[in-house]
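Each remark here refers to the structure printed beneath this line.
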Amino acid sequence: MKTALITGGAVRIGAQIVKTLHENNYRVLVHYHQSKKSAQTLCNELNAIISNSAEMVCADLNIVSDIEKLSSKIESLDLLINNASVFYQTPLTNAKHDDWDNLINVNLKAPYFLATELSNKLKSRNGSIINIVDIHSERPLKNHSIYSISKAGLNMLTLSLAKELAPNVRVNGVSPGSIIWPQNKGSISDKQKENMLDRVALKRQGNPKDIAEAILFLVKSDYITGQIINIDGGRTLYQ
C-alpha cells in the first residue's frame, strides 16, 4: 500500500479524503489536533476493513516543532494532502495579531514546512502533494481578508513547489467552493447561505466526495503538475 498523510483528516472534507484514499489502497496517516475522538473512530473503522491501514498522528500546526516532530516520525510517504485549515471572519476593525498568526500559520506556513520537511521522502517515492486551496484565493471574501490572504499564498505555494520539486514530486491544488457550511467561529447565517447558492451556476452545494474524487484524479494523473482545479459548481463564473 502507498502511504498518504492527510492534515485535518479526522473530520469533514478531510475525513472523506481519508476514506476515498483508503478505498483506493492507500495506508492513511490521519492528522488531527483537537479532534482526537473523531480520528480514533475513523481509524478504527478503516483498520476493521484492512488491518494496520490507518494511523492517528497528532500535531498543532501552529507550532513549528510539532511539524518537525510529525515529519520525523514518517518513514515513507507517497502523498501529502495539506487539507487542515482555519476559517473565520477578521473585519479590519477587529482583527488582531493573533488572528493573523493563527490563520497564516495553519493555512500557509504549515503546508510550506510540511512540504520542505517531507520533500526528500516524497522524492524517493516519486510522490505528490495536493493543497486544498479555496476559490477565494483569487477573489477575496469580504470580512475574511486574512483568510483570503492565506489561501492566496497557498495558491502561489502550490505553483512554486511544483517548480521547486519537479521532476520527482508533482504538486497540485484543489480549490473548493461551497461544499460544507463552516462551523463554530466561521458560521454564517441562513441568508448568507442563500445568497451564496444564488451565485452558484449549478444552484446547489457540493459534496466532500467531489473534492475527494478530484484529488484522486490528480493523484492518478502523472503528467499533471502546477495546476489548481476549482470544484465550485460554477461559482467563479459569477465573481
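Taken together, the values in this text are just the output of simple stated rules run on the coordinates, not laboratory data. Here the structure is a predicted model, which means the values were calculated and not measured. Quick reminder, even Gly has a Cβ in these numbers, built from the backbone with ideal geometry, and neighbours come from all protein chains shown.
Descriptive notes on the structure:
- Calculated P(r) tail over 16 Å for the range 55-180, as whole % of Cα pairs: 61 percent
- For the chain, the membrane-span-like helices by this rule, meaning whole DSSP H stretches whose C-alpha atoms cover at least 24 Å of axis and whose Kyte-Doolittle mean is 0.5 or above, are 145-165; this says nothing about an actual membrane.
- Relative contact order computed over the range 40-159 (Cα-Cα under 8 Å; 6+ residues apart), in percent: 29 percent
- Pair-distance distribution of the range 2-238: all C-alpha pairs, bin width 5 Å, starting at 0; shares per bin in whole percent are 1, 7, 14, 19, 21, 17, 12, 6, 2, 0, 0.
- Put in order of Cβ neighbour count within 10 Å, fewest first, the listed residues ASP78, ASP66, ASP134 become ASP66, ASP78, ASP134.
- Neighbour counting of Cβ atoms within 10 Å sorts the residues TYR223, TYR26, TYR147, TYR238, fewest neighbours leading, into TYR223, TYR238, TYR26, TYR147.
- Sequence-separation-based contact order of the chain, relative, with Cα cut under 8 Å and 6+ spacing, percent: 19 percent
- All Cα-Cα distances of the range 119-239, cut into 5 Å bins from zero to the largest, leave 2, 11, 19, 21, 19, 12, 8, 5, 2, 0 percent in each bin in turn.
- The calculated FRET efficiency for the pair SER187 and LYS209, based on their C-beta separation and a Förster distance of 25 Å, comes to about 0.60.
- Lysine pairs meeting the criterion (Cα under 27 Å, 8 or more apart or interchain), as found in the range 84-145: 5
- Overall Cα dimensions of the range 1-95, principal axis frame, Å, largest first: 51, 26, 21
- Distance in nm between pseudo-label sites at ASN62 and ARG199 (7 Å out along the Cβ direction from Cα): 3.0 nm
- In plain terms, the residue of PHE87, PHE217 with the fewest other Cβ atoms within 10 Å comes first and the most crowded comes last, giving PHE217, PHE87.
- Hull-based mean projected area of the range 135-179, where the convex hull spans the alpha carbons, in square nanometres: 3.4 nm²
- Each of ASN94 and ARG139 was given a label point 7 Å from its Cα along the Cα-to-Cβ line. The distance between the two points is 2.5 nm.
- Placing pseudo-labels 7 Å out from each Cα toward the beta carbon at ASN52 and SER72 gives an inter-label distance of 2.4 nm.
- Placed amide H near ASN230: partners under 5 Å, 5+ positions off or other chain: SER175
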